[in-house]
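Only one structure is covered here, and it is reproduced in the block below.
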Amino acid sequence: MKFICPKCRRPLVREGGALRCKKGHSYDIASQGYVNLVLSGRSRSPLPGDNPQMTAARTQFLESGAYAPLAEAVAETLRGVCPEGGAVLDAGCGEGDYVRRLYALLAPIRPEIYGVDLSRVGIRHAARACAAYTGEDVRFAVASVYTLPLPDASMDAVVNVFSPLAPAEITRVLCGGGCLIAALPGARHLFEMKEVLYERPYENDETLRLLEGLRLLRTQRVTYPMALEGERVRNLYRMTPYSYKTSPEGAARLEALERLTVTADFLLCVYGKE
């Protein structure tokens, strides 16, 4: 067990149906096998993170395998940087589709994969989806990527797919020689959908951020077309930020579509700890 207490930063150990530290702070384990490590009063929203509608759309879309090539590319990178039995964190794991696929793809090296996200709905689904791989271990926590409930130098790799990047926390939890694998939207990612939504569609900025404490080692582009029909078109739209940034007219055009071929365009960036 690698989670630490968000109050006193001491290690948490399992005692019955809860995780407890030596100071007596206790956190109940949900029936799905996750723990909530967000301190009360620290969140401005009663239901922080992605809402249930966005989580449901993302779950249905990702379970179709539409982004499986991205998970395979992440797994291939992890094979080269993570030792057998090593520890991997998915920072901002959402509903856990990538974690589930990584468990399956990385079975030969048997990694311990942990997932944190602010969305309780997402974490609940992730813990349930990965139960066959984690067993009795509690490896999912409701927590912020900006205050990770993990010890210093405890992770061999951190994976971040389209989630906020917190360089200071990533650097803190990475062990010496550890890597961050970040998936970012490429210039043409979902461009055809933007052509439907906006009068002036735009390409994504591919300028790579300089991350303090981390150095960029290499990048890899993963790109392919996706032919979508029916609800898969609408689920893709609903799981993205475009669903609340688009005019009613643009949203209506998208909702009316029955078929759409879009480009999946990802930049996979590997950073090493300085």
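Some points to look at:
- Dimensions of segment 162-274 based on its C-alpha atoms, expressed as ranges along the principal axes with the largest first, amount to 51, 25, 24 Å.
- DSSP bridge pairs, the chain: antiparallel proportion in percent, nearest 5: 60
- Rg over Rh, two decimals, segment 1-110 (C-alpha only, Kirkwood Rh): 1.01
- For segment 263-274, the Karplus equation 6.51 cos²θ - 1.76 cosθ + 1.60, evaluated at θ = phi - 60°, returns couplings of 8, 8, 9, 10, 10, 9, 10, 10, 10, x, 6, 5 Hz by residue, with Gly and Pro reported as x.
- Under a model in which nothing but the beta-carbon of Lys, Arg (+1) and Asp, Glu (-1) is charged, segment 41-273 shows a dipole of about 280 debye around its Cα centre.
- Segment 41-273 shape via C-alpha gyration tensor axes, a/c threshold 1.5: prolate
- Amide H contacts under 5 Å for residue 90, placed H, 5+ residues apart: 114, 115, 116, 159
- Helix axis angle, 68-81 relative to the chain longest principal axis, alpha carbon, degrees: 40
- Per-residue 3J(HN,Hα) values for segment 126-142, derived from phi via the Karplus relation 6.51 cos²θ - 1.76 cosθ + 1.60 with θ = phi - 60°, read 4, 4, 5, 5, 9, 4, 5, 9, 9, x, 7, 5, 9, 10, 10, 9, 6 Hz in sequence order (x marks Gly and Pro).
- Between segment 178-254 and segment 23-39, the alpha-carbon center distance in angstrom: 34
- Beta bridge orientation in segment 1-130: antiparallel %, DSSP, nearest 5: 60
- For segment 83-94, the Karplus equation 6.51 cos²θ - 1.76 cosθ + 1.60, evaluated at θ = phi - 60°, returns couplings of x, 4, x, x, 10, 10, 10, 9, 8, x, 7, x Hz by residue, with Gly and Pro reported as x.
- Overall form of segment 81-181 per C-alpha gyration tensor (a/c, 1.5; a/b vs b/c): oblate
We did not get these values from a lab; they are worked out from the coordinates using the rules stated. Not measured: the values here are computed from a predicted model. Note that we place each Cβ from the backbone using ideal geometry, even for glycine, and neighbour counts take in every protein chain shown.
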